[in-house]
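Okay, so here's the structure we're looking at.
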Amino acid sequence: MKKAVVVILMLTFIFALSACAKKSEQKGPYLAKVGNTKITQADLDREMKNLPDFAQNLFAGSEGKEKFLDELVKKEMLYQEALKKGLDKNPDFVSKLDDFRKISLVGMLLEQVMDEKTKLSDQDIKDYYAKNKDDFAPVLQIRASQIVVKTQGEADKILERLKKGEDFAKLAKESSIDPGSAKNGGDLGFLSKGQMKPEFEAVATRLRAGEVSHPVKAGAGYLIVKVTDKKFGKPVDFEDVKGLIAQRLTADKQKEVFDSYLDEVRKSYKVDINKEALSAPSGEEKKEGSLVTPGN
């Protein structure tokens, strides 16, 4: 029973990973023939490469090669049987194939666009590390100020005033209901981790010096936090974060290139959104609505 399950799972696994593989040029002797279709060494090698390392290990050695070839034969037999039954003409299959074709072509297009424009040099990574060392250093102490009020509405109004350029310390003295910090313009001095309330620490840790937070619920009131200074420990070594920086920069570049490319492409196409049709109930919504009859 276990062997049968393993074979079924393996077949499914191979189908999923290699269903879309292209047929290689049939050079050299075939390893197996199913009807008029030949399976060559090149086919086997290609399909094997599609498998992850752990799966490739299952088919190591000459005995494993025979087992893998047997799986490919089974796949080809079932494929030909599906064609014989005309399943390639099935509307659902045709629709899925069209979806897959569309996704694959979009993927190829973006890969083509992204490859050259998102490449990073070692210097790019080193420069980012040099400019953002604090991001890779533990925060030892934070100097922060706070304004504490009772309601979200009060906090929102104070934030608006801060955005317009009003002085944080002045507003803290006027509005904060925390008497200890209010008299100092909200200043709490330098605090180490563990000395701050969890909600305050979570916000203050994320902010850079000079930044002000959005209102944060804390106990029975709301906080607005401003970080004025930070003391950092020794930064993590460059070699230990090089991979992380590369991932971050690549993701940023990909987004930037994608947005820019999409803007360019958009100029070439006229897009018409039918808002009337869009706002009309869908088939599913109509179906659900039909279950409710007047008077019930």
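The values are calculated or read from the model by the stated rules, or taken from the named source; none is laboratory data. Given the structure is predicted, the values throughout are model-derived calculations rather than measurements. Don't worry about glycine lacking a Cβ; one is built from the backbone with ideal geometry, like all the others, and counts go over all protein chains shown.
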Next item on the list: Run down K117, K85 and say which single residue is among the charged types (D, E, K, R), outside the structural domain of V216 (by TED's automatic domain parsing) and surrounded by 13 or more Cβ atoms within 10 Å (Cβ to Cβ).
Entry: K117
Notebook entry, point to check: Which condition breaks for I142 when tested against (1) aliphatic (A, V, I, L, M); (2) loosely packed, with under 12 Cβ neighbours inside 10 Å; (3) in the same structural domain as E211 (by TED's automatic domain parsing)?
Noted result: (2)
Next item on the list: Show the residue pairs that are 6+ apart or on different chains and have beta-carbon atoms under 9 Å apart, the first residue being within segment 34-46 and outside the structural domain of Q56 (by TED's automatic domain parsing) and acidic (D, E), the second being crowded, with 17+ Cβ neighbours inside 10 Å and in a strand (DSSP E or B).
Entry: none
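This table checks each residue for (1) at pLDDT below 90; (2) assigned by TED's automatic domain parsing to the domain that holds D167; (3) under 30 Å from Y128 (Cβ atoms).
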{"position": "A209", "(1), (2), (3)": "no, yes, yes"}
{"position": "A218", "(1), (2), (3)": "yes, yes, no"}
{"position": "F258", "(1), (2), (3)": "no, no, yes"}
{"position": "V265", "(1), (2), (3)": "no, no, yes"}
{"position": "P281", "(1), (2), (3)": "yes, no, no"}
Check: Of the residues in segment 155-205, how many are in contact (Cβ under 8 Å) with a residue 40 or more places away in the chain, over 35 Å from the mean Cα position of the chain (by Cα) and over 15 Å from A218 (Cβ atoms)?
Finding: 5
Check: Scanning segment 208-235 for residues that are without any contact (Cβ under 8 Å) to a residue 40 or more places away in the chain and surrounded by 14 or more Cβ atoms within 10 Å (Cβ to Cβ), which turns out nearest to P138 (Cα to Cα)?
Finding: S213
Next item on the list: Output the residue which, of all residues in segment 236-249 that are charged (D, E, K, R) and under 23 Å from the mean Cα position of the chain (by Cα), is surrounded by the fewest Cβ atoms within 10 Å (Cβ to Cβ).
Entry: D240
